[in-house]
Structure formats: C-alpha cells, structure tokens
Amino acid sequence: MNWSTASTKRWAVAISCFIFCLFSFTLFAQKQVSVHASGTSVNRDLTPKQALEEALADAKKNALLKAGVPENLLVSNLMFEYGNEQNVESYFHGISNTELNANILVDSIYDDKRWFDSFGNMNVQVEIDATVFAYGKPKDPTFFFDIEGLKEVYLDQERMRFAFMPSADGYLTIFAFNEEESYVLYPFENQEYDYLSDESERLFVKEEPVSFPIHPAYSNGYSIEMNDPVEDEASILLFVFTKKHIPWIEDEVSLESVRSWIYKIPMDQREILYRNVLLKHPN
C-alpha cells in the first residue's frame, strides 16, 4: 500500500532519514540489562517449529528472570512475545492493551539443539542474547489520546483524514506498517522539498483537537494507493504519543527498530495505540 500526499506518490521513498537531536539520557531512566539465557521444550506432540517457539518462549522467560523481573509479571510480558514475532498486529495489540512492567528484545538466537530422550520425547534447546527493559513506574492513566474519523476500510485512491485529541500536552509520531513497506507517516519529511515537510517538533496541546494531515499542502487528506492491482491490502497505523520530544532518528523503519525505540521510553512517559486499515478495490 502506498500512502501519499497530494503530489507525492510514494511516502517510503521520501521518508528515508530524519536529522534530529539525540535522545535525552535522563528520559530513559529505566533499568536496561543485557543477558544470555537458554530455553528448552520437552514434548512429543508439537511439530519441530512449534517446539522451537516453545523453547524460545522459555528462553525469554529465563532471560527476564535473570534480569530481575519478578516471576508474577512474566505472563503478561510473554503473552505477546510468544510465537511469530513478525506478526505485527499481535505485537501491537499486546503492547497497546497489556500493562507491562518489563519488555524484552531478542538480539541473537543461536543454533538450536535437538534430541530424543529415553521416553521418546523430543527435546529442543535454544540459547539467546537479549536486552531486558524493566520499568520503575507504571503506565500513567491520565496520559492518553483519542482518534476520530479514521475508518477501518478505504477504497483505492480514497483520501484519508482523522482527528487527534490528547488528554495532556505531548508529542506524536505515527508509523505505518504493511507487507510491502514500513515508514513514518507523521511527522513527514520531504528530503527534496523541505517546505512540504511537517513541523518536526510540534507540541500537541491538552484537549485541543487537531485534524490530519496537518500540513496545508495536504489538506485534502492522505492519498492511499494500492501496490497490488488485484489483492486487498492490510496495513497498521501505530500512534506513539510521548510527554517529551523523542525524535525518530533511525535510517530504516522496521518492526524491530520501532520496538526498540518504544521500549527505551519509560511506561509513564508514553501512550501507544494501533489501528487496522484495510484497502480495497472499488467494486
């Protein structure tokens, strides 16, 4: 799916890099620990792939324990980590709706070992290197926002508009994910024509609704263009609202890079919401 403004055909080409100031180190005061851990699956009913996923989940649990995360918090942390980590929807559903006190990023997965024991059980063992982020403060229930006017289904070439209203002052970044590409939808930066770029450090004011797109050049709305002329296309918009200005400075937008960026922001300093968007061909 291509999402463009009035004269821009492909956002992904235009949004290649952002030049911003560095993160404030005082903002990221939560505990960050690098650990090496192993996990094991012992069973006779799972497929090799399912057994490996179970062993990875066990390794993540052990990594969290080694980092000092209380065992009673592990269920919520592993709920959205278990299984296929490329399932963007499941991941963002979990991080948006689960009260987490720690998050884990798997940095490396080593070759797994497999064998059958004397009881005929298949054993799968895997080792990982991981980074664990443990947060000292819980989510701030007074810091949130509402999105209105965003539909679940759009037709090819249809314009998209929506309204954003925060409960408190803060800063917004919007990511878009689909099978073909991932990119920053807001703040948009046009590398060739800077006058078409969004303001990079806009403060959204408490209880003041703002219509998107903000830039007057795109007042008619975001234009959505389909990549595939036949198949419907699914996409996810991820809204990240923060109390302080935390610029996106990575060259590439990906599930892993966005995940890492989010995890470095303390829970009480952010609010996250995702929305599914389906693009269909006109009948």
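So if I check each of SER223, SER167, which one is over 30 Å from PRO282 (Cα atoms) and either small (Gly, Ala, Ser) or touching a Lys or Arg at 6+ places or on another chain (Cβ under 9 Å) (or both)?
Values: SER223 fails: over 30 Å from PRO282 (Cα atoms).
The conditions single out SER167.
Does LEU273 fit the bill of being farther than 30 Å from SER108 by Cβ and in contact with a Gly (Cβ under 8 Å, 6 or more places away or on another chain)?
Numbers: farther than 30 Å from SER108 by Cβ: yes; in contact with a Gly (Cβ under 8 Å, 6 or more places away or on another chain): no.
Here the answer is no, as LEU273 does not meet what is asked.
Do any strands (runs of 3 or more DSSP E) lying entirely in segment 96-190 carry at least 2 residues that are polar (S, T, N, Q), and which ones are they? Walk me through how you get there before you give the answer.
Numbers: elements: 102-109, 113-116, 122-134, 145-148, 153-155, 162-166, 171-178, 182-186.
Counting at least 2 such residues, we get 102-109, 122-134, 171-178.
Go through segment 131-158 residue by residue and tally those that are at pLDDT below 85, out of contact with any helix residue (DSSP H, G or I) (no Cβ under 6 Å at 6 or more places or on another chain) and either surrounded by 15 or more Cβ atoms within 10 Å (Cβ to Cβ) or of a type in the set (Ser, Thr, Tyr) (or both).
Matching residues across segment 131-158 total 2.
Could you please give the count of residues in segment 215-245 that are outside any helix (DSSP H, G or I) and farther than 20 Å from PHE144 by Cβ? Write out each step before concluding.
To start, the set of residues in segment 215-245 that are outside any helix (DSSP H, G or I) comprises 215, 219-245.
Cutting the leftovers down to farther than 20 Å from PHE144 by Cβ gives us 215, 219-235.
Result for segment 215-245: 18.
Considering each residue of segment 235-274, count those that are of a type in the set (Ser, Thr, Tyr) and without any contact (Cβ under 8 Å) to a residue 24 or more places away in the chain, and give that number.
Residues of segment 235-274 that are of a type in the set (Ser, Thr, Tyr), as a first pass: 235, 242, 254, 257, 260, 263, 274.
Going one step further and asking which of them are without any contact (Cβ under 8 Å) to a residue 24 or more places away in the chain, we end up with 257.
Residues meeting the conditions: 1.
The values are calculated or read from the model by the stated rules, or taken from the named source; none is laboratory data. Everything quoted here is computed from the prediction, not taken from an experiment. Backbone-built Cβ (ideal geometry, glycine too); neighbour counts: all protein chains shown.
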